[in-house]
Amino acid sequence: MDAKLCFWRAEGQSFFQRFLLWSDALDPLLLLKSTNEIQRTRLLIQNNEKTLSEPIQNNQTKQAFLLSLSSIHPDTDKIIPVLFRPPAFMPITLPLVIVSSVQSRAKHSLFWQFVFHTYTTAFTLVNGNGTPKAEEYSLHQKQIFLGLLAISYSACVGALPLAFMNRYVLKSSLMQLVVKKLLPAPLFGLTSAFTVSVVRSPEFENGIEVMDRNGKVIGVSKKAGEKAVMETALSRGVLFGTTFFLPEVLMYCVQRARFVKNPRALGSVRMFVIMSVLAGMLPASFSMFPQCGEIKRADLEPEILSSTEETEFFYNRGI
C-alpha cells in the first residue's frame, strides 16, 4: 500500500481529521515548491513508512506528507502537473465559478461552462485511481473521448435554460428568479457529478486494485471501482451545488437587510461570498469520504475472496 494511503488510514479516520488535513494540503503556497523539494519528501516518507500505523508526531514528517499529498499521485507515484494539483483547484475554479454565475447570454454561458467543465474533468482524470488497465484499446484515449462528450453535454445542459428564456423572450421576474437563481445550483451539481462518473467509468468497467490491511494487493475489483467513482461524483456534486446555491441565499439576505446599497460594492460582496463558500466547501467535499476507501468482504467479487481470509479491504478513492 502506498505510504500516502497509509497516512490517510492513520491520520484521517474521521471527517474532522480529514477536513483539517485537506485544509493544510490545499494551501496554494504548496504550488511554489520545487521538484527537488517534492522528491526529497519521497525519501523522508520512505524512511518513516514503517511507522505509519499510528498518528505522526514529528512535524517535519507530517509537512512532508502534506506536500506529497498535494503533489504526488498515490497510485503512479508520479508528480502531478502543477495546474491539476489539489492546491490549484480553488485558484482556477474560483474565477470560472464567478464568471459562470453572472452570465445572462446563452452563448457566453455555454463558452464559460465548457471551460469550467473542461478543467474540472481534466482534474478528475489526472487525480483518479491510476490502476485500471485495458488490453484492447488505449485507456487514456478512451477517457479523453468520454471526457469531451461529458464536457460538451454538461455545457449544453447548463446553458439550455438561458437559451430557452432568451429564445422565447421570457423576462418575467419569476422566470428570471428560476433561471438565474434557482436552476444553476442543481444543474452545476448534477453535471459536475455526471462528468466525474463518465470520465472515470473505466474504473468500474475494468476494476481497481484492492489491498488488505498490510498493503498487499489481492485483486482487481469492479465493485470497489464503482464505489470509488460514486463517492467522488457525489462529493463533487455537493461541492458545486452548494457553491452555486449558498451564495444566492446569502446575497438575498444581504439585499433584503440593505447592508450594502452601492451596486459596485454589492458585486464585491458577492465575489467575497462565493470565494468564502468555495474555500470552505472544497476541503469539506474532499473529506466526505475517506481517501483510503474501505470495502467489506461481502461486497467484493467471489474470485477475489478465494485468495484471502481478510474481512476488510482498501483502495485509493481518488479525488
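The values are calculated or read from the model by the stated rules, or taken from the named source; none is laboratory data. Every value quoted in this text rests on a predicted model; they were computed, and no experiment measured them. With ideal geometry, Cβ positions are generated from the backbone for all residues, glycine too; neighbour counts draw on all protein chains shown. SASA here: full protein model, heavy atoms, side chains in, ligands and nucleic acids out. Shrake-Rupley method; radii C 1.70, N 1.55, O 1.52, S 1.80 Å.
The residues of segment 84-184 expose, per residue, 53 Å² of accessible area to a 1.4 Å probe.
Here the dipole of the chain is about 1880 debye; that uses its Cα centre as origin and unit charges on the Cβ of Lys and Arg (positive) and Asp and Glu (negative). The slack between Glu301 and Leu174, meaning 0.36 nm per residue of separation minus the straight C-alpha distance, is 40.6 nm. At 1.4 Å probe size, with no ligands or nucleic acids counted, give the accessible surface of Phe16 in Å², nearest ten. So the heavy atoms of Phe16 present about 130 Å² to solvent. Peptides 217-226, 302-311, 265-274 ranked from most to least packed, by the mean per-residue count of other Cβ atoms within 10 Å: 217-226, 265-274, 302-311.
Relative to the current alpha-carbon distance between Val157 and Asn206, full extension at 0.36 nm per residue lengthens the span by 14.8 nm. Between Lys216 and Arg167, the simple spin-label model (points 7 angstrom out along Cα→Cβ) gives 6.1 nm. Residue-wise HN-Hα couplings along segment 97-113, as the Karplus relation 6.51 cos²θ - 1.76 cosθ + 1.60 with θ = phi - 60° gives them from phi, are 5, 5, 5, 5, 7, 10, 6, 10, 10, 4, 5, 5, 4, 4, 4, 5, 6 Hz; Gly and Pro carry x.
Accessible surface of the chain, 1.4 Å probe: 62 percent of it comes from carbon and sulfur atoms.
Distance between the modelled labels on Gln17 and Arg264, one decimal in nanometres: 5.0 nm (7 Å Cα→Cβ projection). Work out the charge dipole of segment 242-319 with +1 on the Cβ of Lys and Arg and -1 on the Cβ of Asp and Glu about the Cα centre, then indicate which of Thr308, Gly318, Ser268 is farthest towards its positive end. With unit charges placed on the Cβ atoms, the residue in question is Ser268.
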